[in-house]
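Working notes, structure below.
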Amino acid sequence: MNLRRIPTNDTELNVALDGSGPPVLLMHGWPHTWQVWQNVLPLLTGQRRIIAPDLRGLGDSARTVDGFDAATGADDMLGLLDALGVDSADVVALDAGVPAAFLLGALHPTRVRRLILMEAVLPGLPGGFATPPWWFGFHSAPELAETVLEGHEGAYLDWFLTAGTYERRGVPPDIRKAFVRAYTGQEALRCGFGYYRAADQNAAAVAAAGRLTVPTLAVGGNTVGDLLHRQLTPIADDLTGTLVARSGHLVPLDRPDAVAELVLSEVAVEAD
């Protein structure tokens, strides 16, 4: 795995690169880094060119003051593809990475070969959570969460990394360590919570984006389930939905085999 710092859209992203073949862009969520895909990557490297960034402000990417909204995130990914000389890619996104991936596909369909969107709902579309999870409001309050959580990052993240996995088994120790390191300190926390504080901007951008014309697969585990598929059904021209068995919210960690199969499946179909 080759790690590079790549300038894009007035920031710099830490990007994991590997493999060869049709490109696949992997976008993590919160509280993750590119390493949420770690167990998927060995299953793809022989057949796909992997591009797995730490999103703006997160992990080993440059800290930033703003730009955590989905529209800026989509522009970050466009700049990254440009920097790598990639005309179009499959785009796979999880959790907080999904709104930017959606806008990338909706607004720049020639750059997205296919969307695979996992375990998220889209603000701005009807049919999301009936009651938002408790942490959405806590994370959205300016300057609050990063102030009270400093010094307690590991314990706080452990709640999500346990609740988000199948049968609450947690994540591998090396990945847990990487996530905690990435979100330790007020600045790291502030950048992470910036993705929640952009919810209103994201809702407006998603609502204004129009129809989704690229082939799209909505993937659910046992947390969000089929909510995203239901949200996208009225506005997507080519939509499929699937639920991954024996998976919690963190589908790439619970079922890396299933994620790799979904990414590779279209390649096999096209080769027939």
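The values are calculated or read from the model by the stated rules, or taken from the named source; none is laboratory data. All values reported here derive from a predicted model rather than from experimental measurement. Cβ sites come from the backbone with ideal geometry, for glycine too, and all protein chains shown count toward neighbours. Just the protein is used for accessible areas: all its heavy atoms, side chains included, with ligands, DNA and RNA removed. Shrake-Rupley method; radii C 1.70, N 1.55, O 1.52, S 1.80 Å.
Accessible surface comparison of ARG197, ARG181, probe 1.4 Å, protein chains only, largest first: the order is ARG181, ARG197. Remark on GLY170: its backbone amide H falls under 5 Å from those of THR165, a criterion applied only to residues 5 or more positions apart or on other chains, H modelled at 1.01 Å from N. Our compactness index for the stretch 154-248, the C-alpha radius of gyration over the empirical 2.2 N^0.38 Å, is 1.34.
Comparing mean-square fluctuations of LEU94, LEU232, LEU125 from a GNM of the chain with C-alpha springs under 10 Å, the top value falls on LEU125.
Among ASP90, ASP82, ASP60, the residue with the largest mean-square fluctuation in a Gaussian network model of the chain, with springs joining Cα atoms closer than 10 Å, is ASP82.
Magnitude of the Cβ-charge dipole of the stretch 216-257, K/R +1 and D/E -1, about the Cα centre, nearest 20 debye?
Numbers: 3 positive and 5 negative charges, 33 e Å.
For the stretch 216-257, the charge dipole is close to 160 debye.
Using a probe of 1.4 Å, the accessible surface attributed to THR233 totals some 80 Å² when neighbouring protein chains are kept in position.
Seen from every direction in turn and averaged, the convex hull around the alpha carbons of the stretch 101-230 projects onto 9.0 nm². For the chain, the Kirkwood radius over C-alpha pairs fed into Stokes-Einstein at 37 °C and 0.692 mPa s yields D = 179 µm² per second.
Its alpha carbons considered, the stretch 166-206 gives a radius of gyration followed by a Dmax of 14.3, 38 Å. The accessible area of TYR195, taken with all protein chains in place and a 1.4 Å probe, comes to roughly 40 Å².
Under the Kirkwood approximation for Rh and a Cα-based Rg, what ratio Rg/Rh is obtained for the stretch 133-188?
Working: Rg = 11.9 Å, Rh = 12.1 Å.
Over the Cα atoms of the stretch 133-188, Rg/Rh equals 0.99.
Residues MET27, MET1 ordered from highest to lowest accessible area at a 1.4 Å probe: MET1, MET27. Here r is the Cβ-Cβ distance between ALA208 and ASP174 and R0 is 30 Å; the resulting FRET efficiency, rounded to 0.05, is 0.15.
Would you list ARG63, ARG5, ARG49 from the most to the least accessible area, probe 1.4 Å?
Values: ARG63 100, ARG5 120, ARG49 75 Å².
Result, largest first: ARG5, ARG63, ARG49.
Determine, from the Cβ-Cβ distance of VAL148 and VAL65 and an R0 of 30 Å, the FRET efficiency 1/(1 + (r/R0)^6), rounded to the nearest 0.05.
Values: r = 21 Å, r/R0 = 0.70.
The pair VAL148/VAL65 has a calculated efficiency of 0.90.
At 37 °C and 0.692 mPa s, grab the translational diffusion coefficient of the stretch 64-142 from Stokes-Einstein with a Kirkwood Rh over Cα pairs, rounded to a whole number in µm² per second.
Working: Rh = 13.8 Å.
Estimated diffusion coefficient is 239 µm²/s.
Mind checking the log10 I(q)/I(0) for the stretch 1-74 at q = 0.18 Å⁻¹? Debye, one equal scatterer per Cα, no solvent, two decimals. So the normalised log intensities work out to -0.68.
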